[in-house]
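Colleague: Let me give you the structure first, and then I'll get to my questions.
The values are calculated or read from the model by the stated rules, or taken from the named source; none is laboratory data. Remember, predicted model here, so these are calculated numbers, not experimental data. Cβ placement follows ideal geometry from the backbone for every residue including glycine, while neighbour counts extend to all protein chains displayed.
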């Protein structure tokens, strides 16, 4: 057999399955393995939905049975690292397989350069139909997609506009999570059934300001959430953390974020409220004005009591908003079952980064610290990924694109800065580095988080902060999973610090992050 003469799709996983089939043909006592056809892929990516809010990751209060189902029927990743913990740049890294400094999309609210290669173009060359529905948040319409129907910017939770491939805008009545699922299944219904497909389902949930679907209003009102152990963190030894502006106490707004005494008719207010139909407005108004705002007025809270009330309200809105997200993932899984697509469709659920649910007193993301650095990632591939697989290896979102290409047997082009972790998913962990590079840029607005770059290994995080202040931080994740004790400069850590710095420099040079290299070379000791 001349492997080089095989079709492009018959490589990678598919070729492996074929070879296994040939090998087992000579073992009559063993069942023969049938090689799968090129798999379809559904890549579901939400916004700001953290692993702390998923029961498969250990949450005792969140209700996520459908995300849990994907994890149970496939693999769950515990150390999936984001290379720049912020919304748009994370999606740009997905599309390009490159770090922010290479693809040029370092900050939110910029315009993604569509004149650069994106990995769905390679899928198209391999015969795949490609589509993206829902939130993209790149300010442009990238190439590589046969069908686009995306939210402009963040979109709206209710009755949002969508922009199609021809840059035409249309408003769809309904709750945005439901609409994204509806548009996704409509595209699946009318696609060419003779071709494999790659579909990105981009959800707005659970992005600030956390407006639940009408049916989920009050879903967690009978729950009192435990105050996180680090809620009253004093940030000792962590200068950047001391100067941030993303606390539930000082930054979270009663009116805009927690819907206390919202002006539903303000012409310059939240555009979502002016979009409401009467059927949507009445129950929403009755809940937030008649119950939440009334409770706030009656309690007359201040100080610590007020901060903890805000935390409870935040958690109730956040998780109620996530209810619809999980429910719609269930609808999509049911669709695959009913249409017979489930057996040859890879289903992935992830988010653009982690998020703070009161840890360190915060909401939002951005940091190289664990809660915002890691993002959930579960994947189901019947017949290839063993159900119940748990992956502890460190992988990065820069690895997503090459992994998706290798899943489909598509050649991985040169220039990608990530590496396929398909071998990790299938139990072949040899030669995996267990390290991930990180660089965050957006400063000072909106949350005054100092820019920083660093390295996350299987045990340590080292970071170089710059901008108004220049300093290093070092954490032993095994001993200090909440990143509370900065070990940089501490006696006894000289060798590990030097080793981590050398490894970080290797990543900087290999990935050609020139800005970081200059800062590294001029770093304080």
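Colleague: Could we say that residue 181 is farther than 19 Å from residue 287 by Cα, touching a residue at least 60 places away in the same chain (Cβ under 8 Å), within 21 Å of the chain's Cα centre (by Cα) and not in a strand (DSSP E or B) here?
Modeller: Working: farther than 19 Å from residue 287 by Cα: yes; touching a residue at least 60 places away in the same chain (Cβ under 8 Å): yes; within 21 Å of the chain's Cα centre (by Cα): yes; not in a strand (DSSP E or B): yes.
Criteria met by residue 181.
Colleague: Quick one: in the range 356-397, of everything that is out of contact with any strand residue (DSSP E or B) (no Cβ under 9 Å at 6 or more places or on another chain) and within 27 Å of residue 73 (Cβ to Cβ), which residue is modelled with the highest pLDDT?
Modeller: 357
Colleague: Identify, from the list 115, 103, 108, 79, the residue that is touching a residue at least 60 places away in the same chain (Cβ under 8 Å) and farther than 25 Å from residue 381 by Cα.
Modeller: Every option except 108 fails the conditions.
Colleague: Just to check your reading of the model, which residue among 439, 447, 482 is part of a loop (DSSP other than H, G, I, E, B) and either in contact with a strand residue (DSSP E or B) (Cβ under 7 Å, 6 or more places away or on another chain) or surrounded by 17 or more Cβ atoms within 10 Å (Cβ to Cβ) (or both)?
Modeller: One residue alone meets the criteria, 447.
Colleague: Within the range 502-517, track down each residue that is farther than 12 Å from residue 437 by Cα and either more than 30 Å from the chain's Cα centre (by Cα) or surrounded by 15 or more Cβ atoms within 10 Å (Cβ to Cβ) (or both).
Modeller: Within the range 502-517, 515, 517 meet the criteria.
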